[in-house]
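Trainee: I have a structure I would like to understand better, so I am pasting it below and will then ask my questions one at a time.
The values are calculated or read from the model by the stated rules, or taken from the named source; none is laboratory data. Note that the coordinates shown come from a computational prediction; the quantities given were computed from them, not determined experimentally. Quick reminder, even Gly has a Cβ in these numbers, built from the backbone with ideal geometry, and neighbours come from all protein chains shown. Keep in mind that these areas ignore ligands, DNA and RNA; they rest on the heavy atoms of the full protein, side chains included. Shrake-Rupley method; radii C 1.70, N 1.55, O 1.52, S 1.80 Å.
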Amino acid sequence: MPMFPGGEVAMLKYISNNIKYPVDAREANITGIVYLSFIVDKEGEIKNIEILKGIGGGCEEEAVRVIKKMSKWKPGKQNGQSVNVQFKLPISFKIR
């Protein structure tokens, strides 16, 4: 499986530090989980980001923005060769 630099804990910290709650979502009290899918290619680049399930209020666009800014991942391997791997990621939006 591909890995974000530093592992899952580092990825969650990156998302937490970079996500900005959309104003429209905050004003409408929209909370929930945006589900995304993307490809981590053979070079560790993020490609083909898709929204699998959204919640509205600009949350989908914000989730995609943060994923696009991610640094290169360690690519997935199969039989010692780097391969493209589809990755699914939920991003939670909660008003604090």
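Trainee: In the list Tyr21, Tyr35, Tyr14, which residue meets the criterion of being aromatic (Phe, Trp, Tyr), in contact with a strand residue (DSSP E or B) (Cβ under 8 Å, 6 or more places away or on another chain) and outside any strand (DSSP E or B)? Don't jump to the end; show me each part of the working.
Mentor: Working: Tyr35 fails: outside any strand (DSSP E or B); Tyr14 fails: in contact with a strand residue (DSSP E or B) (Cβ under 8 Å, 6 or more places away or on another chain).
So the residue among Tyr21, Tyr35, Tyr14 that is aromatic (Phe, Trp, Tyr), in contact with a strand residue (DSSP E or B) (Cβ under 8 Å, 6 or more places away or on another chain) and outside any strand (DSSP E or B) is Tyr21.
Trainee: Quick check on my filter: what residues within the range 55-85 are assigned to a strand (DSSP E or B), of a type outside the set (A, V, I, L, M) and open to solvent by less than 60 Å² (accessible area, probe 1.4 Å)?
Mentor: Just the residues of the range 55-85 that are assigned to a strand (DSSP E or B), to begin with: 74, 76-78, 81-83, 85.
Next, from what is left, pick out any that are of a type outside the set (A, V, I, L, M): 74, 76-78, 81-82.
Once the filter is applied, which keeps residues that are assigned to a strand (DSSP E or B), of a type outside the set (A, V, I, L, M) and open to solvent by less than 60 Å² (accessible area, probe 1.4 Å), the range 55-85 yields Gly76, Ser82.
Trainee: Here's a follow-up. Pairs, please: C-beta under 6 Å, at least 6 apart or cross-chain, first residue farther than 22 Å from Leu36 by Cα and in the range 77-88, second open to solvent by 60 Å² or more (accessible area, probe 1.4 Å)?
Mentor: Listed pairs, sorted by first residue: Ser82/Lys42.
Trainee: Okay, moving on. Of all residues in the range 12-29 being among the aliphatic types (A, V, I, L, M) and touching a residue at least 12 places away in the same chain (Cβ under 8 Å), which is least open to solvent (accessible area, probe 1.4 Å)?
Mentor: In the first step, residues of the range 12-29 are kept if they are among the aliphatic types (A, V, I, L, M); the result is 12, 15, 19, 23, 25, 28.
Those still in the list that are touching a residue at least 12 places away in the same chain (Cβ under 8 Å) too: 15, 19, 23, 25, 28.
Working: Ile15: 18, Ile19: 45, Val23: 95, Ala25: 0, Ala28: 62 Å².
Residue satisfying both the conditions and the ranking: Ala25.
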